[in-house]
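Written out below as structure tokens is the structure these notes cover.
The values are calculated or read from the model by the stated rules, or taken from the named source; none is laboratory data. All values derive from a computational prediction rather than experimental measurement. Please note: Cβ atoms are built from the backbone with ideal geometry, for glycine as well, and neighbour counts cover all protein chains shown. Accessible surface is based on the protein model in full, side chains and every heavy atom, while ligands, DNA and RNA are left aside. Shrake-Rupley method; radii C 1.70, N 1.55, O 1.52, S 1.80 Å.
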Amino acid sequence: MRLLTVSPRSATQIEEPPIAKFFFADTGMALLWLIVRLYVGYEWLTAGWDKLTGRSIALDSFGQAVKGGPWVFTGHDGAALSAFVAGALKQAQGAHPAVQSWYASFLQNFVLPNAAIFSYLITFGEICVGLGLILGILTGIAAFFGVFMNLNFLLAGAVSINPVIGTLAIFLVMAWRIAGYYGADRYLLPLLGTPWTGSLEKKHHKATNNVNATELAAK
């Protein structure tokens, strides 16, 4: 039996499937991702605003007081998060716990003693993710941190809307090239580029200058 081998040097690139290019890299799909990111961003911004002010800005409960009040700038920062952690720890008991023992240990030994710090991190993290998605600022990075927070809420036993917006945010991460096309990323991404390409704007100007210089030399 003869084995076929592929040299790593000869297989330098695996072509992206056409359907993946269409959904995650074609600007024709940018409008779809705009709708998705506005919805996910709205959910994060309203959640963060609740924790910051204790008042809702959600469309169905605008101006109403939020149960538990604000999480920060209260004089007893960390109280609301401590109550949330206490509820999560109760779900770590029994034969089939909703909260796994290793995560319960993390909550009890790390989050709970630093509840005030985590209250600020969560509150402003949610607001930043929400604004980043709504305005289309570094959309892929904002969506990634949104997924990270979704995962932690799920691990803490808080299901709610987390599976829905977490799944949508994963798709936004995959569509990072065009998800913010109708937003600030349309200008930011070419300017900043990526760690593996550098600034695309500078490359474009350099290539244009080289072409102009070649044309002048030909004349």
Exercise for review: For the range 22-75, state which chymotrypsin sites (Phe, Trp or Tyr not before Pro) are in a DSSP loop and have at most 14 other beta carbons lying within 10 Å of their beta carbon.
Suggested key: F62, F73
Check your understanding: Once amide H atoms are built 1.01 Å from N in the peptide plane, which residues 5 or more positions from R55, or in another chain, come under 5 Å H to H?
Key -> V66
Study note, to complete from the structure: Expressed in nanometres to one decimal, the distance between label points 7 Å along Cα→Cβ at F124 and I35 is 3.5
Check your understanding: In the range 83-162, carbon and sulfur make up what percent of the accessible area (probe 1.4 Å)?
Key -> 74
Study note, to complete from the structure: Here FRET efficiency (C-beta to C-beta, I161 to L191, R₀ 35 Å, nearest 0.05) is 0.55
**Study point:** ³J(HN,Hα), Karplus 6.51/-1.76/1.60, whole Hz, each residue of the range 157-170, x for Gly, Pro
**Key:** x, 9, 7, 6, 9, 4, x, 5, 6, x, 5, 4, 5, 4
